[in-house]
1. What are the residue pairs meeting all of these: first residue in the range 42-55, first residue touching a residue at least 24 places away in the same chain (Cβ under 8 Å), second residue hydroxyl-bearing (Ser, Thr, Tyr), Cβ atoms under 8 Å, and 6 or more apart or on different chains?
2. As an exercise: evaluate ARG13 against (1) closer than 17 Å to ARG344 by Cα; (2) over 34 Å from the mean Cα position of the chain (by Cα) and give the number of the one condition it does not meet.
3. Within the range 182-200, take every residue that is within 20 Å of PRO217 (Cβ to Cβ) and surrounded by 15 or more Cβ atoms within 10 Å (Cβ to Cβ) and give me the one that is nearest to the chain's Cα centre (by Cα).
4. Restricting to the range 314-323, give me the number of residues that are crowded, with 18+ Cβ neighbours inside 10 Å and assigned to a helix (DSSP H, G or I).
5. Could you please find all residues in the range 45-71 being farther than 23 Å from GLU343 by Cβ, among the charged types (D, E, K, R) and in a helix (DSSP H, G or I)?
6. Quick check on my filter: what residues within the range 169-181 are in a helix (DSSP H, G or I) and surrounded by fewer than 18 Cβ atoms within 10 Å (Cβ to Cβ)?
7. Which of the numbered conditions does TRP101 fail, given that it passes all the others? Conditions: (1) at pLDDT 95 or above; (2) over 28 Å from ALA326 (Cβ atoms).
Amino acid sequence: MKRDVFFKERDERYFDFLESISEKAAIKSVIDEHEGVNRTIDRFQQATNGWWNEAKDNITRLDTRHDIPEIRANLLNSFKDKLIPLELFDQFQVAGIFVNWWQHIHTDLKTIASYGWSVNLIPDTYIKEAFFQSEMDEIESLENTIADTENQLQEAIEAAEIEPETDDDGNEKSLTPKYVVESLIAAAHDLIGNYVDNPPKLKASAKPEGTLPKTLPEGAKKETISYLLQAHQIAKLDSDLKKYKKEVKEKSYRLEDLVDAKKYGREGMIKYIDDLIILREAEKAAEEKDSKKKGVQKKIDALKAKKELVADLVEAIGQPINDEEAQALILKKHHDTMQEQLERYLNREKRALVSLVEKLWDKYAVSRNDLESDREDTLSQLNTFLTALNYQ
């Protein structure tokens, strides 16, 4: 980066920070948004992608060629050949990126060499994105609805202006929807009680007019209706929120079951569930407390219920993941892991650059003349105060 990104020339000896960099925090934004920095990041990402397109062929042959040390040496050398010429990292840093990546995938490679492209190497998130995007979109949409409803509920509670309860120590408790609704109904009931004997039992309603005494004055009637409408709005939002959360929970459980079915197929999933039941039975037998045993039994019952749904789940997913699909997803995981390691090193370089410029800011952003001027202003104000206090 050139110095004119941050500085302007004051005279032949000095530079000042640009007016656009008016505070220290702006330095990071300038670097993050700089075209040259982003171009460098893009160059490294493209170089790494190019290396991966060649390197992955070595990994795809692991199930038939088991020489992992030789593959590692070849991949390390080819990685160095791609990245060192870009002149940001030295050979040791490039080797560090590779070694960190290799440590993350080494266990996977040994599994591939011994057992082939096992679906157990695929993260569930990859399976969801590849095969169940519509289900994920439904859950995301519901989660957005939940966030919106929570905001509306909080705004409605604040608008009700109900005083919170206090505990024995006098500390305010959090306002719950139930408490606010009950307080609003109680306020409406007390208001009616000022005008009629034995006021009717009230409840939150979208149309409360018919439940109010006919002799209630118009002003009191409007205020009472307002209380009950607010109570109705809060009660409905709270009810909707619980419904949406229940839907998300059910759909999330369903999605997890679909992922398992996609991984293992009918027979594989039945065996997978049976193995889990055996483990849970052993866990239950090891527990000494009845309460703990009941908790484990609930898990066993849930697994047995899930087993009854296998046929439905298998029908919903179509065909289970085949070897070609498993290979593609595992390779994608390995490629993403390499990009994550590369990003860590690139971000480290960015942080070093930010730190360097921030140190210049700390040292030079405020000139000596400005400091002396501020000191004189402070002394002048101090003298004024002392004079006012008749201090000699």
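1. TRP51/SER78; GLU54/SER78; ALA55/SER78
2. Here ARG13 clears every test but (1).
3. LEU184
4. Looking only at the range 314-323, we keep the residues that are crowded, with 18+ Cβ neighbours inside 10 Å, and these are 314, 317, 320-321.
Adding the requirement that they be assigned to a helix (DSSP H, G or I) leaves 314, 317.
Residues in the range 314-323 being crowded, with 18+ Cβ neighbours inside 10 Å and assigned to a helix (DSSP H, G or I): 2 in total.
5. Correct list: ASP57, GLU70.
6. Going through the range 169-181, the residues in a helix (DSSP H, G or I) turn out to be 177-181.
Within the range 169-181, LYS178, TYR179 qualify.
7. Condition (2) is where TRP101 drops out.
Residue-by-condition table, conditions (1) in contact (Cβ under 8 Å) with a residue 24 or more places away in the chain; (2) part of a helix (DSSP H, G or I); (3) within 30 Å of PHE7 (Cα to Cα):
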residue	(1), (2), (3)
LEU255	yes, yes, no
GLU267	no, yes, no
ALA282	no, yes, no
GLU325	yes, yes, no
LEU329	yes, yes, no
LYS350	yes, yes, yes
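The values are calculated or read from the model by the stated rules, or taken from the named source; none is laboratory data. Keep in mind that what you see is a predicted model, and the values were worked out from it rather than measured. Methodologically, a virtual Cβ is constructed for each residue, glycine included, from the backbone with ideal geometry; neighbour enumeration extends over all protein chains shown.
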